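Working notes, beginning with the structure itself.
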Amino acid sequence: MKLYSQKEARHLLCRYHNLDGVETLCGKAGAEKIMQRIHSIQYDPLNVVARNADLVLQARVKDYKEQDLYSLLYKEHKLVDGFDKEMCIYNSKDFAPFKYVRSEHLKHVVLTLQYRNQMAALDILDDVRDFVAKHGKTGAKDISIGEVRESRWGPKKLSSAALDYLFNSGELSVADKRGTQKYFDLTERVLEDADIQCDQDMTIEEFLEWYIERRIQSVGLIWNKSGGAWQGHFVSENEIRTSTLQTLTQKNRIDEIQVEGIHETFYIPKDIQTYMTDQTPQSYARFIARFEAEPVRQMGEFAIKNWWWEAGIEPDNNMLETIEKEMLRFAEFLQVGNSKNNLSKLS
């Protein structure tokens, strides 16, 4: 089992995720390529300076723009909205194997309907399905079937709850999104037949091997300890996860490594070394939850409200210049100006 220093492990992750910018990944093609590697990005509509999915792709892909993701999701349908560890964006070719996740998640959807006293939504599924089949892309505002009631939480209309159920079952997919408003259509009209029909005979054992190997590929380097990286149906269960990791190791589909100073074994993708070129990156910076940004408004600027250095860090001029360069690049991505006061926040 190979032993890595902690510095080598950090380098491995930065290179695998292209956070050092060594690999030439640009624009929409670059976003599509990195998604084929990491498979999934958690969807979060919260937008202070940008949405989570855009932040993830912008950090890895040069000249990435928000419209690149929109095109891959809702024009070319190479990516799709769906439940993974949370609500996520993932490759459309993964849609069919996710039938096992959808089946488990649907149980929770039913429990939610019970809690909200909306089980009657299941009685109008055929009507809602027929409406979408006839009218095409349908948002919650476009359809009103069943009871309408006052609600402090969740959909007020039964038809909205039915749309959500059919989406989580896989019968409907998000065909378009305008702001945070989803528009659904029949999955057979959104995705390619090959994406819907592939791996139909996959057993639960084969799925678990595929799913856990895929999660390792998403992260790049992971240990077998419960936490956010192993969140989601099946993979959060320690017994299932441990048994499947042993199987994948025995089948030589993943590699085990040790990191100096850490007792636990780590798992990495089998092909991770193909990304470890000898090319030396230029100086680069990435921001990871170490500052609080002001909300970015249209025609505004990227401004930092608070900044916290890691303990023990003594910034020099080269570090400050590199961070400022990254701030300028980030402001360009946001299509706003970069506040002149940002550097003063670093001192």
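The values are calculated or read from the model by the stated rules, or taken from the named source; none is laboratory data. These figures come from a predicted structure and were not determined experimentally. Cβ sites come from the backbone with ideal geometry, for glycine too, and all protein chains shown count toward neighbours. Side chains are part of the model used for accessible areas, which takes the heavy atoms of the whole protein and leaves out ligands, DNA and RNA. Shrake-Rupley method; radii C 1.70, N 1.55, O 1.52, S 1.80 Å.
When all protein chains stay in place and ligands, DNA and RNA are ignored, the 1.4 Å accessible-area order of 134, 157, largest first, is 134, 157. For the range 101-153 versus the range 176-196, the spacing of their alpha-carbon centroids is 17 Å.
Once Lys and Arg get +1 and Asp and Glu get -1 on their Cβ, which of 132, 228, 246 lies farthest toward the positive end of the dipole of the range 128-280? My answer, from the dipole projection, is 132.
Got a number for carbon plus sulfur as a percent of the range 96-193's accessible area, 1.4 Å probe? Result for the range 96-193: 47 percent of the exposed heavy-atom area is carbon or sulfur. For the range 1-155, the relative contact order is 16 percent, taking Cα pairs closer than 8 Å that sit 6 or more residues apart in sequence and dividing their mean separation by the residue count. For the range 27-123, the Cβ-based charge dipole about the Cα centre amounts to some 240 debye (Lys, Arg positive; Asp, Glu negative; other atoms uncharged). Within straight cross-link reach of residue 225, meaning Cα distance under 17 Å, which aspartates and glutamates are found once same-chain residues fewer than 8 apart are removed? Partners found: 213, 237, 239, 255, 256, 264. Could you look at the range 248-347 and say what percent of its accessible area is carbon and sulfur, using a 1.4 Å probe and all protein chains? C and S atoms contribute 47 percent here.
Remark: the Cα gyration tensor places the range 192-347 in the prolate category, a/c being 1.5 or greater and a/b exceeding b/c.
Each part gets one Cα centre, and for the range 17-56 versus the range 221-250 those centres are 24 Å apart.
Over the range 1-112, accessible surface divided per residue gives 43 Å², non-protein components excluded, 1.4 Å probe. A Cβ-based charge dipole, computed about the Cα centre of the chain with Lys and Arg at +1 and Asp and Glu at -1, lands at about 760 debye.
Over the chain, DSSP H runs of length four or greater, each weighted -39,500 (n - 2.57), average out per residue to a 222 nm ellipticity of -12500 deg cm²/dmol.
Legend: residues 7, 137, sorted from most to least accessible area (1.4 Å probe; ligands, DNA and RNA excluded), read 7, 137. About its Cα centre, the dipole of the range 47-185 is roughly 280 debye, where the only charges are +1 on Lys and Arg Cβ and -1 on Asp and Glu Cβ.
P(r) for the range 1-146, from all Cα pairs and a bin width of 10 Å, is 10, 27, 32, 20, 8, 3, 0 %, short bins first.
Beyond 18 Å in Cα-Cα separation lie the following of the pairs 28/78; 65/85; 99/156; 62/345; 85/107; 28/62: 65/85; 99/156; 62/345.
Ranking of 223, 210 by solvent-accessible surface, largest first: 223, 210 (1.4 Å probe, protein heavy atoms only, all chains present).
Positive-end ranking of 163, 265, 216 along the dipole of the range 141-273, with charges on Cβ about the Cα centre, is headed by 163. Helices meeting the span-like rule in the chain (full DSSP H runs, Cα extent of at least 20 Å along the helix axis, mean Kyte-Doolittle score of 1.6 or higher) are absent.
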